[in-house]
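J.: This is the structure I have questions about; it appears just below.
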Amino acid sequence: MNSASLAVTPCTQPAQLLDLLSQSAQGYALWNAQGQLLMATPAWCHWFDVPQESAVGQALQQLLHTEFWQTHNLRFTAAGQGQRQEYDDTRQDDFGAQRHRRIQLTPGAADELGRHEVLMTLTDVGREYARGAVITRQHEQLQALQEQLRSRRDDAGELDKLRTLLNWRTAMLTEHNEMLQLLSHEIRQPLNNASAAMQATLKAIDDLHLPDATPATKALLRAEHVMQQVIGTLDNTLTAGTILAVGGKAGAASETDLPTLIKLVLHDIAADLRPRIDVHWQNAPRTVQLHPALMRLTIRNLLHNALAYAPADTQVVLRISESDEPLALMLEVIDQGPGIPPELLPRLFDKGSRGNHSHNRPGAGLGLFIVRSVLQLHQGTVEALPNQPHGTVMRLVIPQGLAE
């Protein structure tokens, strides 16, 4: 593609390419042989802190931060001379966690002076082990589509083929998600039935008032705890896989009766642990906008953590309140445990991150990762605050009244 063709079609094909690529969680940018930005997706603008509405048409060197430009200028120059480049860039997100992107600079057509247009691709390499196969297929498809788009830019039929292939990729991810949901149901339901049977047996033994029932009761309680741990690990693993498979997106939230949701969460807790949980309603119970299954798992994870790390003779509080400005639901899980060590806070919500006191506790370190992922899907926030004189407050803020 030469500079003359770009001058003819700046508002059609780059805009159409932007519409197509913006559907991906990856970031893309395209600039011409003179170094002027022709197209950039929202993910690319967010990573480089560039205002998308005014970026197109500006020189790339003026858009990027001076430090980044000075560090990687040689790579940009080499790409402009026709040499493909690949390197990694690291940033901190709003929670202080390290995030990594693999940057690929792919040269395109050259002008009469031998200067090449360049396509930049940002890939989240932190998810490679979970999404490796999907990302590889997606990358290969996009590379093939880019070659077609460069060679036959003015052929409207090629754009139809691009849409077909991208729709096929979306359908493949949807099928992956549906299979995870089916697996979740087929495995979880028998476990839930077994847990309910154990609780019914415990109640029946208690009703009989047998003099020597203590050993049997303790054994059943231990079995129920193990069952709840298996169910929790299964739910977290399947939910993490589902969130990664759909690229951090979820369906629309629905009107949910909050008291019913809280009752379901409490039912998920082992019977002998439920008396330790105090539910404080700061406002009258009502319906709220959220994803009930995901939020049920989120609250359960926080309660399990609080019950596990706080002393056995202390209460855990689930406080429910609202705010008007902005309109939001606030959920707080408050414990009287040892608190969170300062060195753990920056990676508290990372996948696989576990505390210093978790060596003898089951789990894969997915609980708080799920909590943060679900809050991001709700456009909300989660933060860990100290509880005086000791303990932790895990605060969830879930916006309400957002346009779908």
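Just so it is clear, none of the values below were taken in a lab; they were calculated from the coordinates. All values reported here derive from a predicted model rather than from experimental measurement. With ideal geometry, Cβ positions are generated from the backbone for all residues, glycine too; neighbour counts draw on all protein chains shown.
J.: Between D94 and E255, how many nm apart are label points set 7 Å from Cα along the C-beta direction?
T.: In this crude label model, D94 to E255 measures out at 2.9 nm.
J.: Provide the gained length on full extension for the span H280 to Q70, in nm with one decimal, where the gain is 0.36 nm per separating residue minus the Cα-Cα distance. Could the numbers behind the result be given before it?
T.: Details: separation 210, 0.36 × 210 = 75.60 nm, distance 5.45 nm.
So the chain would gain 70.1 nm between H280 and Q70.
J.: What's the local net charge at G82, with K and R +1, D and E -1, over the other residues with C-beta under 11 Å away?
T.: On the way: positive: R84, R115; negative: E117.
With Lys, Arg at +1 and Asp, Glu at -1, the net is +1.
J.: To continue, here is another question. Between A223 and D160, what is the label-point separation in nm under the 7 Å Cα-to-beta-carbon projection?
T.: Label-label distance for D160 and A223, simple model: 6.3 nm.
J.: So if R0 is 22 Å, what FRET efficiency would Q143 and H46 give, r being the distance between their Cβ atoms, rounded to the nearest 0.05? Don't skip to the end; give the middle numbers.
T.: On the way: r = 23 Å, r/R0 = 1.05.
Once the sixth-power term is evaluated, E becomes 0.40.
J.: Further question: Using a basic spin-label model with each label point 7 Å from the Cα along Cα→Cβ, how many nm lie between N167 and A78?
T.: So the two model labels end up 4.1 nm from each other.
J.: I want the local charge near V317. Using Cβ-Cβ distances under 13 Å, sum +1 for each Lys or Arg and -1 for each Asp or Glu among the other residues. Can you show the working numbers first?
T.: Working: positive: R276, R319, R395; negative: D278, E332, D335.
Within the 13 Å Cβ shell, the charges total 0.
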